[in-house]
Each structure stands twice: as C-alpha cells, then as structure tokens.
Amino acid sequence: MGKLYDRLMKDYRLREGLNACINCGTCTAICPAAEFYRYDPRRIVDIVQHQDDEQIEELLKSNTIWYCGECMSCVTRCPRRNAAGLVIMALRNLAIETGLFMESEKGRQMYLLCKDLNHNVLNYGYCVYPRLFGYKEHQEAGLVWEWVHDNIDDVFDRLGANLDKDGPGAMRKIPQKDLDELKRIYDITGATERLEHVRQAGLKKAEELGLTEEEYCQKLYTECSPKHFNH
Amino acid sequence: MIYEGKKKIWAEYQKEIPEDHYFYVRSCIRQSFFPASEATFLDITRNKLGKDIFETEHHTTCGGIAYHSDTIPQETVMTIIARQFALMHKYGYENYVCSCITSFGLYCETMETWREFPELQQKIAENLWKTCHLEFAKPKFLVHASDLVFKYRMQIAAKSKFKLVNKNTGEPLRVVEHIGCHYSKMFPSKGVGGAEYPYVLVGMIEAWGGQIVDYPERRHCCGFGFRQYLIKSNRGYSLSNTHKKFESMEPFKPDMIITNCPGCPYFLDRWQYVIAETEGKTYGENGHGIPVFTYEEVAGLVMGYDPWDLGLQTHQVSVEPLLDKIGIPYDPAKKYLGKNGKYLGEPQKPQCLK
Ligand code: SF4
Ligand code: SF4
C-alpha cells in the first residue's frame with residue numbers, strides 16, 4: 001500500500017465511492033466526459049483500487065482527473081455501487097493538497113475557480129452573483145442576458161426579486177453577520193488555507209511566466225490544448 | 001405493457017412528502033437566472049394553496065457549486081449545510097425544501113455520509129457550534145421544491161385555466177422532461193420515481209394534460225459539469241452535451257421542455273441559441289427553438305399567470321409560439337417593461353434564432 005493511497009483512503013468520498021471494481025466499463029459507457037475528452041473513468045477506478053502509488057501520482061499530475069463533470073451518472077449504473085465521480089473528487093482534493101494540480105493545464109484552472117467562486121460566496125453569500133456574471137465573459141448567455149444585465153435592477157424588481165436589498169427574497173443582501181459565519185467556517189475547516197495555497201501556487205507560476213495576474217487569468221480562462229479531445 | 005411495467009417501477013420509489021410546514025432555501029442559479037420562478041413557487045404554495053413555507057434572509061448558498069468545482073473541502077461544505085439545517089431547527093421547522101438540485105443531491109449525500117460515519121457528524125456539529133453558536137439538527141423530511149409541486153399537482157390542475165394541449169388540434173402537447181443529474185442518480189430512493197424512471201415531472205405533465213416524449217438521450221446530462229462550464233476553454237463540454245440531447249429529441253418533435261434543476265433550463269435554452277447562431281441549426285418549428293421552462297413557470301402558465309410576470313421574457317428561445325399553441329394571452333407591448341410600465345429598451349435580436 002502506498003503513501004498517496006493511504007492519504008486517499010482518509011477521504012470519506014473514497015471510502016464511500018470505492019468498492020471492488022470489476023472493470024466492466026459501464027461507467028465509461030454512460031459518462032458524458034468520456035465521450036468528449038480522452039477520458040476513461042473505469043481506468044481511474046482501476047488504478048486507485050490497485051493502490052499503486054506511482055500510477056496514482058501520474059494521475060494527480062495529469063489532465064485526466066480534471067475532465068469529469070461530477071454529474072454522477074456513473075453511480076446509478078455501476079453494478080458494484082462504485083462512484084467514479086466521488087473517486088475523482090478525492091483525487092482532485094489530493095492533487096490540490098500535494099500541489100500536483102499545478103502540473104497540468106486543466107489542474108492550473110483551479111486558480112480561477114477558487115478565486116471567482118469563493119469571492120462570490122464570501123462577499124455575497126452566493127456561488128453565483130448576477131452582477132458579476134457579465135455578458136462580455138458569457139456571450140453564450142445570450143443577447144437577452146445582455147439586456148437583463150444592462151437593466152439588472154429594473155428587471156430583478158419587475159420579476160419579484162430583492163436584489164441587494166434587506167429582508168428575504170431572491171438575491172437579497174445577506175446580512176454581514178451571516179457572511180462572517182461563512183468566513184469562520186472557511187477558516188476552521190481548511191477552506192481559507194486551501195484558497196491561499198492555490199493562490200500562492202498560481203501567483204508563483206504567473207511570475208515564472210513573466211505574466212501579470214490579469215494576463216495569467218486570461219491565459220487560464222482561454223488556453224486549450226487540442227490533445228484533450230476524443231476526436 | 002412497457003408503460004405498465006414502468007408504472008410499477010415508479011411505485012417502488014414513492015418518497016414521503018409531508019403536506020405542509022416547510023423551511024425554504026433558495027438556489028444561487030435559480031435566483032440569478034429565474035428569480036420569478038422562485039417568486040411563483042412561493043405565490044402558488046403560500047397564497048393559492050395556503051401552505052406554510054417559511055424563508056429567512058439568514059440562509060446562504062449551500063456552497064454546492066464551489067464544492068463541485070473542487071475549490072472547498074468536504075468538511076467546509078458540510079458545515080455550511082449543517083448551518084442551513086440548524087437555521088431550520090432554530091425557526092421551529094423539521095421539513096426542509098430546497099430550490100436547487102445540486103443542493104438537494106449534496107444534502108442527500110451529506111446525510112448519508114453522516115449516517116455512515118457518526119464521528120464525522122460529531123465533528124461537523126462541533127464546527128457548527130464553534131463558528132456559528134448554532135445547535136446541530138437534521139431535517140426529518142428533505143424535499144426538492146419540485147417534489148412539492150408534484151405533490152400539489154392535482155390541486156394546481158383543479159385551479160388551472162389552461163391545459164398543456166394544442167388548442168387547434170385538441171392534442172396533448174409533446175413534452176420533454178429533463179430531471180437534472182443530482183436529483184436521483186446518486187440516491188434513487190430519494191427522488192420521486194427513482195433514477196431510471198423519475199416521475200416528478202412526468203406526474204406534473206400528465207396532471208396538466210400533456211404527453212411525455214421518450215427519446216434515447218432522455219437521461220443524459222445537460223452538460224453543466226461545474227468547471228466544464230465556468231471556464232471558457234472547457235465550455236465545449238457543456239455545449240456538446242446539450243447538442244447531443246437536442247439531436248436525439250429532434251425527430252420526436254417536442255413542443256416544449258420542462259426542467260427540474262435550475263441550471264438545466266439555462267443551458268438547454270442558451271446552447272440552442274449558440275447552436276443556431278454558429279451552425280444555423282434550430283430545433284423548433286419555422287426557425288424557432290424548443291422553448292425550455294422551469295416547473296414553476298409551467299405551473300404558473302397552467303394557472304393563468306401573465307407570462308411576463310413569470311419572467312419568460314428573459315429566455316433566449318422565444319416562448320410565444322408555445323403560448324399561441326395553448327391559447328395563453330399575452331401583450332407583446334409589455335414584454336420588456338420594468339415595474340410600473342417603465343420601458344427598458346429591448347434586447348438585440350439574434351441573427352438566426354427567431
Ligand atoms: S461501472 Fe463500476 S464496476 Fe464497472 S468499471 Fe465502472 S466503477 Fe468498475
Ligand atoms: S461523475 Fe464524472 S466520471 Fe461519473 S459519469 Fe459524470 S463525468 Fe463521468
């Protein structure tokens with residue numbers, strides 16, 4: 001048994017998500033990621049169940065573990081009640097803890113995800129905050145979203161929301177006392193530490209590349225090697 | 001025969017849904033993109049059906065999108081969830097209704113993990129006390145808001161002004177239902193009808209006069225994939241999954257789509273627009289798309305709400321052809337007005353999608 005495997009086994013998601021895999025490939029057949037990316041959840045579950053640290057380390061450094069969409073479609077169909085999606089989550093967690101996420105293009109995207117999503121959670125109390133969901137970065141949100149965004153207070157008012165105002169209702173301003181509680185939860189459960197760890201790793205990389213933070217973010221947001229795809 | 005068999009399977013997955021008295025928790029995505037749907041849910045349940053659905057401004061995100069994008073540890077999300085449950089208890093409720101499928105799946109998973117690993121539950125309870133001075137509690141009943149609309153579907157039908165029927169032909173409308181992966185793919189017994197034959201939306205469609213469209217990719221993911229949509233360079237994943245679904249449903253000529261999860265209607269609506277504008281392909285009739293709705297919007301339509309009060313002007317795929325088919329009246333001049341008739345201009349028109 002290897003050291004990385006031991007660390008994985010401390011993750012409740014792995015303990016819940018990995019029983020004996022019979023390599024049937026049903027998960028791969030149903031998996032939306034496997035159709036799009038060069039990705040095979042069956043293989044990942046098999047590597048982990050073999051407890052081979054060298055191969056696990058390769059996985060942690062690879063793009064492969066970042067292809068999953070965490071849809072959990074694989075869970076329903078696995079004849080052994082494995083959850084490839086949960087195994088992936090445990091692997092991603094370990095890739096971040098060990099710093100090995102920085103070895104792959106898809107892993108490095110964690111910098112942006114950590115920054116944007118948790119900015120929303122800690123400052124507004126929501127994972128998505130519509131004022132920061134701009135049309136420029138999200139043109140696929142449609143011309144109707146451009147209109148909504150340009151008239152956001154009026155449209156939200158019209159639709160019975162309570163955008164940034166006191167009291168209950170959709171997109172209300174969440175009281176500071178509650179946001180402080182979220183921050184304390186982040187502090188004692190390891191989220192604050194993780195966010196800082198990911199931030200420092202990203203800033204170091206940006207410096208190595210001679211990029212400003214903004215340029216680095218833009219690179220992460222748009223860079224895409226053709227080697228990820230299935231066809 | 002096959003249909004009878006399916007009915008039998010549904011019968012095995014009948015979850016218990018209490019009639020009344022719920023603590024209500026909102027969804028980040030539904031609030032951002034379909035705020036009127038949540039307003040409609042509360043108006044129908046509270047004001048039309050007289051139910052007690054309580055909301056406090058102190059609840060927050062469950063952290064689900066941050067968690068499923070792997071940015072925060074499991075212990076963090078579990079403590080945020082414990083805080084939500086503790087608020088329910090503090091306000092005197094034991095039934096919990098949430099407006100989000102990602103949250104619902106995560107609540108189910110969290111409660112299952114706590115059951116399996118009591119030492120973890122103990123740790124989370126301690127975290128909760130240290131950070132928020134709240135007493136740990138768990139819901140007696142956990143439901144998604146669509147479970148409640150399903151529960152009340154006959155009461156809604158009894159108050160309906162319209163049916164999901166083509167007024168010209170008298171035929172039931174052909175309705176595609178999309179459940180949202182995290183509703184029951186992990187824990188089939190927690191969803192109405194299980195994972196293979198979920199009945200939660202089918203029950204509404206049948207009760208309101210429509211006809212279900214079965215098609216090969218019916219259970220396929222919409223393609224959100226969290227990080228796969230949020231980062232621009234991954235977005236092809238999201239688009240290609242929606243594309244796969246539309247190609248699969250197209251031969252069955254659906255009139256409309258009804259969705260369970262707050263994210264799915266956004267993706268199924270917006271990616272149709274992207275496919276139309278980039279490939280020139282449309283899936284509805286005469287250059288239109290197939291209109292996509294939340295279950296609250298459909299409940300509102302059959303009950304006779306004004307389509308613009310339901311927020312249907314914020315969809316990219318135009319809903320008017322469907323409203324005309326059913327015979328629901330609407331005033332085109334009021335489509336883009338704000339409160340008190342304030343004119344807000346109009347969105348630009350897509351080049352291909354009508
Ligand atoms: S479906 Fe289950 S048993 Fe089959 S390969 Fe995948 S994880 Fe292994
Ligand atoms: S959770 Fe991941 S591995 Fe499982 S089906 Fe979804 S994308 Fe594939």
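Here are some notes:
- Scanning region B:304-354 for residues that are closer than 25 Å to residue B:157 by Cα, in contact with a Lys or Arg (Cβ under 6 Å, 6 or more places away or on another chain) and assigned to a loop (DSSP other than H, G, I, E, B) yields a total of 3.
- Residues being farther than 21 Å from residue B:106 by Cβ and either of a type in the set (Val, Ile, Thr) or in contact (Cβ under 8 Å) with a residue 60 or more places away in the chain (or both) - total across region A:9-29: 6
- Unique match (being at pLDDT below 95 and open to solvent by 70 Å² or more (accessible area, probe 1.4 Å)) among A:177, A:227: A:227
- Summed over region A:1-43, residues that are more than 9 Å from ligand 1 (Cβ to nearest atom) and of a type in the set (A, V, I, L, M) total 7.
- Within region B:282-334, the residues that satisfy the criterion of being among the hydroxyl-bearing types (Ser, Thr, Tyr) and over 21 Å from the mean Cα position of the chain (by Cα) are B:282, B:283, B:330.
- Here region A:1-42 is the region considered, the condition is being over 28 Å from residue B:219 (Cα atoms) and assigned to a loop (DSSP other than H, G, I, E, B), and the residue that is farthest from ligand 2 (Cβ to nearest atom) is A:1.
- Some residue of region A:84-97 being within 27 Å of residue A:212 (Cβ to Cβ) and in contact (Cβ under 8 Å) with a residue 60 or more places away in the chain: yes
- Selection within region A:69-102: residues that are β-branched (Val, Ile, Thr) and modelled with pLDDT under 95. The member of this set that is nearest to ligand 2 (Cβ to nearest atom) is A:75.
- Filtering A:106, A:115 for residues that are modelled with pLDDT of 95 or more, assigned to a helix (DSSP H, G or I), under 29 Å from residue A:227 (Cα atoms) and touching a helix residue (DSSP H, G or I) at 6+ places or on another chain (Cβ under 6 Å) leaves a single hit, A:106.
- Residue that is of a type outside the set (Asp, Glu), touching a residue at least 40 places away in the same chain (Cβ under 8 Å), at the interface with chain A (Cβ under 7 Å from one of its Cβ atoms) and in contact with a helix residue (DSSP H, G or I) (Cβ under 8 Å, 6 or more places away or on another chain), where the choices are B:37, B:69, B:32: B:69
- Screening B:73, B:139, B:172 for residues that are under 20 Å from residue B:205 (Cα atoms), at pLDDT 95 or above, over 19 Å from the mean Cα position of the chain (by Cα) and not basic (Lys, Arg) leaves exactly one candidate, B:172.
- Pick from region A:64-73, criterion outside any loop (DSSP other than H, G, I, E, B) and open to solvent by less than 20 Å² (accessible area, probe 1.4 Å), ranking: nearest to ligand 1 (Cβ to nearest atom): A:73
- Within the option set B:129, B:114, being free of Cβ contacts under 8 Å to residues at least 40 places away in the same chain, within 13 Å of chain A (Cβ to nearest Cβ) and buried (at least 19 other Cβ atoms within 10 Å of the Cβ) holds for one residue only, B:114.
- Matching option when the condition is within 18 Å of the chain's Cα centre (by Cα), over 28 Å from residue B:347 (Cβ atoms) and either in the same structural domain as residue A:103 (by TED's automatic domain parsing) or without any contact (Cβ under 8 Å) to a residue 40 or more places away in the chain (or both), among A:190, A:210, A:202: A:190
- Unique match (being more than 7 Å from chain B (Cβ to nearest Cβ) and out of contact with any Pro (no Cβ under 6 Å at 6 or more places or on another chain)) among A:125, A:142, A:134: A:134
- Residue B:192 assigned to a loop (DSSP other than H, G, I, E, B) and open to solvent by less than 10 Å² (accessible area, probe 1.4 Å): yes
- Taking the listed residues A:183, A:205, the one that is surrounded by 13 or more Cβ atoms within 10 Å (Cβ to Cβ) and closer than 30 Å to residue B:131 by Cα is A:183, with no other qualifying.
- Taken over region A:188-197, residues that are facing chain B (nearest Cβ under 8 Å) and either open to solvent by 20 Å² or more (accessible area, probe 1.4 Å) or part of a helix (DSSP H, G or I) (or both) amount to 5.
The values are calculated or read from the model by the stated rules, or taken from the named source; none is laboratory data. Worth saying up front: this structure is predicted, and the values here are computed from it rather than measured. Every residue, glycine as well, gets a Cβ built from its backbone with ideal geometry; the counts of neighbours run over all protein chains shown. Note: areas computed on protein heavy atoms with side chains; ligands, DNA, RNA excluded. Shrake-Rupley method; radii C 1.70, N 1.55, O 1.52, S 1.80 Å.
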